[in-house]
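This report concerns only the one structure given below.
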């Protein structure tokens, strides 16, 4: 009599990125995990992430919005089997999250300051 049931693990991930112009960027991902072990227990989870980004003021000011699990909440399923029983468990977690990011690129200002420092350092060296 075999007490163990062979179950497999499965992992899949789908990513997409679309940039219709130099100032717009759309991204998304979907992830499914299924874990199994020899005792007949398997569990799975599904999650999703969507993002949109727009650049303003000559690409210096960047606004990004990310949404985790926008359409479905993260869910977990678990199956346990034995010689005389079969147990299935289902759990949903409230995982919808929103993140708004505002950033400003100071790169040209920093580069101008570096150039001034380098010029001043070369003057003092000679």
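Kindly establish whether residue 89 is in contact with a strand residue (DSSP E or B) (Cβ under 7 Å, 6 or more places away or on another chain), loosely packed, with under 14 Cβ neighbours inside 10 Å and either on the phi > 0 side of the Ramachandran plot or not in a helix (DSSP H, G or I) (or both). The answer is yes for residue 89. With the structure loaded, tell me whether residue 56 is at pLDDT 75 or above, surrounded by fewer than 17 Cβ atoms within 10 Å (Cβ to Cβ) and within 18 Å of residue 14 (Cβ to Cβ) or whether it fails that test. No; evaluated as a whole, the condition is false for this residue.
Being in contact with a strand residue (DSSP E or B) (Cβ under 9 Å, 6 or more places away or on another chain), touching a residue at least 40 places away in the same chain (Cβ under 8 Å) and either over 18 Å from residue 25 (Cβ atoms) or surrounded by 14 or more Cβ atoms within 10 Å (Cβ to Cβ) (or both) is true for just one of 62, 67. Which residue is that?
Details: 67 fails: touching a residue at least 40 places away in the same chain (Cβ under 8 Å).
Answer to the selection: 62.
In the condition set (1) surrounded by 10 or more Cβ atoms within 10 Å (Cβ to Cβ); (2) modelled with pLDDT under 80, residue 50 is compliant with all but (2).
The values are calculated or read from the model by the stated rules, or taken from the named source; none is laboratory data. Just so you know, these numbers come straight off a predicted model, no measurement behind them. Here the Cβ is made from the backbone with ideal geometry for all residues, glycine too, and neighbour counts use every protein chain on show.
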